[in-house]
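*Asks:* Following this message is one structure expressed as structure tokens.
The values are calculated or read from the model by the stated rules, or taken from the named source; none is laboratory data. Model, not experiment: these values are computed from the prediction. Note: ideal-geometry Cβ built from the backbone for every residue, glycine included; neighbour counts use all protein chains shown. Heads up: the accessible areas ignore ligands, DNA and RNA and are worked out on the full protein's heavy atoms, side chains in. Shrake-Rupley method; radii C 1.70, N 1.55, O 1.52, S 1.80 Å.
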Amino acid sequence: MSLDASDIEKIAHLARLAVAPESIERYAADLSNILELVTRMDAVDTHAVEPMAHPLHMSQRLRPDRVTEPDRRTLLQANAPLTERGLYLVPKVID
């Protein structure tokens, strides 16, 4: 996909970016190259590739799930203007 100057101006407007007129052609070429790379990557057959969460076959080292700090909620909420049942009360901002 090849982008032209009008495409760059529209993208810049939508993104609320100021683009100098002398830079538009350079941005068009750079973004066109990126889109070409994405198109080539999309064409690769990945049906036989198993999805994975991490490239290395390792398990995560997890720490023991135990309490390491005392409960200081009452102390910390003493400075709050309004609390109720351990929650901070704030003014409603969305109707």
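*Asks:* If you filter the stretch 11-51 for trypsin sites (Lys or Arg not before Pro), then keep DSSP loop positions with at most 14 other Cβ within 10 Å, what is left? Numbers along the way, then the final one.
*Replies:* On the way: sites: 16, 26, 40; in loops: 16.
Qualifying residues, ordered by number: 16.
*Asks:* Let me ask something additional. Hey, any idea what % of the chain's accessible area is carbon plus sulfur with a 1.4 Å probe?
*Replies:* Carbon and sulfur: 58 percent of the exposed surface of the chain.
*Asks:* Please compute the per residue accessible area over the chain with all protein chains in place, 1.4 Å probe, rounded to a whole number of Å².
*Replies:* Roughly 101 Å² per residue, with all protein chains present.
*Asks:* Here are a few candidate values for Cα Rg over 2.2 N^0.38 Å: (1) 0.98; (2) 2.13; (3) 1.07. Which one was actually calculated from the structure I just gave you?
*Replies:* Answer by label: (2).
*Asks:* Can you give me the solvent accessible area of residue 52 with a 1.4 Å probe, rounded to the nearest 10 Å²?
*Replies:* 120
*Asks:* Using a simple spin-label model with points 7 Å from Cα along the Cα→Cβ vector, what separation in nm is obtained for residue 17 and residue 75?
*Replies:* 4.8
*Asks:* Given the whole protein assembly as supplied and a 1.4 Å probe, what does the accessible area of residue 67 come to in Å², nearest 10?
*Replies:* Spelled out: residue 67, probe radius 1.4 Å, area about 130 Å².
*Asks:* Another question, if that's okay. Report the extension gain between residue 61 and residue 83 in nm, rounded to one decimal, defined as 0.36 nm multiplied by the number of residues separating them, less their alpha carbon distance. Each step should come with its number before you reach the end.
*Replies:* Working: separation 22, 0.36 × 22 = 7.92 nm, distance 3.79 nm.
Result: 4.1 nm gained on full extension.
*Asks:* Report the full-extension gain for the segment residue 30 to residue 52: residue separation times 0.36 nm, less the Cα-Cα distance, to one decimal in nm.
*Replies:* Difference between extended and current length: 4.9 nm.
*Asks:* Provide the per-residue ³J(HN,Hα) series for the stretch 19-35, in order, calculated from phi with Karplus coefficients 6.51, -1.76, 1.60 and θ = phi - 60°, each as a whole number of Hz, with x at glycine and proline positions.
*Replies:* 10, 5, x, 6, 9, 4, 5, 5, 5, 4, 5, 5, 5, 5, 5, 5, 5
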